[in-house]
Structure formats: structure tokens, C-alpha cells
Amino acid sequence: MRIAIYGAGSLGTILGAYIAKAGLDVELISRNAAHVEALQTKGARIVGTHDMCVEVKAYLPQQMHGTYDVILLLTKQLENASVVASLKPFLASDGVLCTMQNGLPEPEIVGILGVDHTMGCAVGWGATLLEPGVAELTSAADTLVFNLGIPDGGDTAKLDVVASILRTMGTVVVERNFMGARWSKLLVNASFSGMATALGCTFGDVSTDRRARRLAQLIIKECIDTAHALGVEIEPIQGKDIVRLFDYHNPFKQWISFILIPFAMKKHAKLKPSMLQDIEKGKPCEIDAINGVVSMQGRIAQVPTPVNDRVVETIHRIEKGELTPSMGNLCLLQDFR
């Protein structure tokens, strides 16, 4: 079985190291020539909550050859249409592409590859690329969870194949309600990746600053209300029922929700969002695929999403150079209560 990790940045490098360590045939594909060279010559070095160095196969996209039984897609969604189309010739006739991206990318990919060749996975942990060939695992070991599923009408037989690959690193939960699992991850990304990117900080910083935490709480509420209006049942995250914990309809439950946030984020406190990493490198980020998707789905469901809307606006201003990621941006969000 041939496996490719396309878009082997921080997450893909770590996942690839685990898969390679398990003895499977995996290739890490990245456009970053310096990163590929480091992986080829020094192996994948993993630091942080796990420390190891593993010999891996790494290539530039133009060096790909043959076909793959499984392609794990970890690129940003900014160029999804062209990227997925370019990967189609490299997918075996009975192969599957599993998108491990944020947001809700499956419908577009199904339109390109077909439902039998498309699978989705929500990743429950985070990482940072420190330098070429070196990635830091920033989440605790017991958070290494993959929520795996297929779009409606997909081929369930391939779930076991992809699950066996991902189990080389962590726990795999095959989701009956995959869209509910997608919304769980989207809720976390919108509230903490979005806020941490706008403020230039980590998940832990958002949860400990009371003003930032309140805004994250409002984003969580907007996500829950939108999902419910669309008829989506949000799935638990790592066994925790986030709707029961963080939804509120009275001041007391709102206060409880606010108090619980730092405890919920404790294991991910060091996580620095990939969107912020992109901005620091001068690259556009995928805010439109995260908070922007919540805003779009809110319009469909006729649910107001003012905090998500403002976060999207703020981060686009950062990308244009009008603002910098900093706690000073809280002043742009102070009118929300």
C-alpha cells in the first residue's frame, strides 16, 4: 500500500514520522524545498510532547510518481480546487483521498473526485513547524485523536484502511455523524484559532485573558446556534459533550461556560494556530475556511454571527498590512458582550 501525505508541514511531518516508524510505505510531499531537503538528509525530527527522529521519504510535488492507495491531504484550502484536481491522476483506481483540513472541505472535493474516493478527518491535536525538518507537537499525548468519516453515500469499506494508518499515531474514532464531528472541530478552530490569530497568541493566552475568553465564548455560542439551526448534531470532542458544557440560555449557565473554558483548553494551551504561523511567514491564511465558513453557514441558517464576522474582517486587515496580530486588536471587538 502506497501512502502520500500531501502538504507535509507541521501536522503532516509529525503524522508521517509516526506512520514511517510503524513500517508503512509513506511519502511526505511538500512545496517547501528546504523542508524536503532536511527531511531527506536528516529525517523528521519531532520535539515537544514527544521526541523522536525518524527516517522518511520526502519529495517535492513535481517528484511524485505512480499512484497512491491513500492520499492524506493537509494543505490549506486556499487552492483546493486546483490542488485536488492535480492529485486526481496520482490516485489509484480504488484509492481514496482523505482531507485532514479544517472547516468543511468535503463537498468541494466530492465534486472533483466523486464520493467513493473522498473521506474526511478532523484532527484533534496541534503542531508548529520550528525549522526545516523539525516539528513541535504542542498537544498532550492523550489528545492524539482522529475523527474519521465519509460523506453521505461514500464507501465505508475504505474506512478501515485509513483508520489502520492513523492508528499508528493515535486514537481513531469512526464517526457515524461525520458532519457533527466536523462542526466540533470547526467550533474549536473558529473560537481559538481565529481569536489567537487576530491577537497574535496561543490558545492558552486566549483562554486566560478574560476579554479574549469572552469573545471565544461568543464564537462558540454562534457555532452551536448555527449548527442547531442547520439540523447538525455537534459531536463530543475527546469524550466531552461541548454543547452541554458550553451552550447557555441564562446568565448562570453562561457564567459556568466562561469558567470552564481554561480547563477545556489546558492540554492545548501551547498551541499556536497555523493561520498565525502563515501570517508570520507573509502568506495568506485560511480564515475564510474557518470563521468565514461559520459566517456563511450562519447566513444560510439565518443565524447572526457578528463575532465571527468581525474576526474575519480583522484578520483580512492583518493580511493587508493594516493591522498586526496583537492583543491590541481586542479594542476592535469590545462592542460585543
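The values are calculated or read from the model by the stated rules, or taken from the named source; none is laboratory data. All of these numbers come straight from a predicted model, not from anything done at the bench. Cβ: placed from backbone, ideal geometry, glycine included. Neighbour counts: every protein chain shown.
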Could you count how many residues in the range 134-152 are touching a helix residue (DSSP H, G or I) at 6+ places or on another chain (Cβ under 8 Å), assigned to a strand (DSSP E or B) and of a type in the set (A, V, I, L, M)?
4
Here the qualifying pairs (Cβ atoms under 6 Å; residues six or more apart or on different chains; first in the range 305-333 and closer than 19 Å to Pro273 by Cα; second aromatic (Phe, Trp, Tyr) and part of a loop (DSSP other than H, G, I, E, B)) come out as Val307/Phe336
Answer yes or no as to whether Lys76 is basic (Lys, Arg), out of contact with any Asp or Glu (no Cβ under 7 Å at 6 or more places or on another chain) and surrounded by fewer than 23 Cβ atoms within 10 Å (Cβ to Cβ).
no
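For the range 234-263, how many residues are in contact (Cβ under 8 Å) with a residue 40 or more places away in the chain and either part of a loop (DSSP other than H, G, I, E, B) or over 17 Å from the mean Cα position of the chain (by Cα) (or both)?
Looking only at the range 234-263, we keep the residues that are in contact (Cβ under 8 Å) with a residue 40 or more places away in the chain, and these are 234-238, 242, 257-258, 261-262.
With either part of a loop (DSSP other than H, G, I, E, B) or over 17 Å from the mean Cα position of the chain (by Cα) (or both) added as a condition, the list becomes 234-236, 238, 242, 257-258, 261-262.
Adding up the residues that qualify gives 9.
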Tell me whether the range 291-303 contains one or more residues that are farther than 25 Å from Leu230 by Cβ, part of a loop (DSSP other than H, G, I, E, B), assigned by TED's automatic domain parsing to the domain that holds His228 and over 16 Å from the mean Cα position of the chain (by Cα).
no
Just the residues that are at pLDDT below 95, under 16 Å from Val115 (Cα atoms) and either outside the structural domain of Val123 (by TED's automatic domain parsing) or part of a helix (DSSP H, G or I) (or both), please, taken from the range 153-175.
Thr156, Ala157, Lys158, Leu159
So which strands (runs of 3 or more DSSP E) are wholly in the range 17-121 and hold at least 1 residues that are at positive phi, in contact (Cβ under 8 Å) with a residue 40 or more places away in the chain and not charged (D, E, K, R)?
44-48
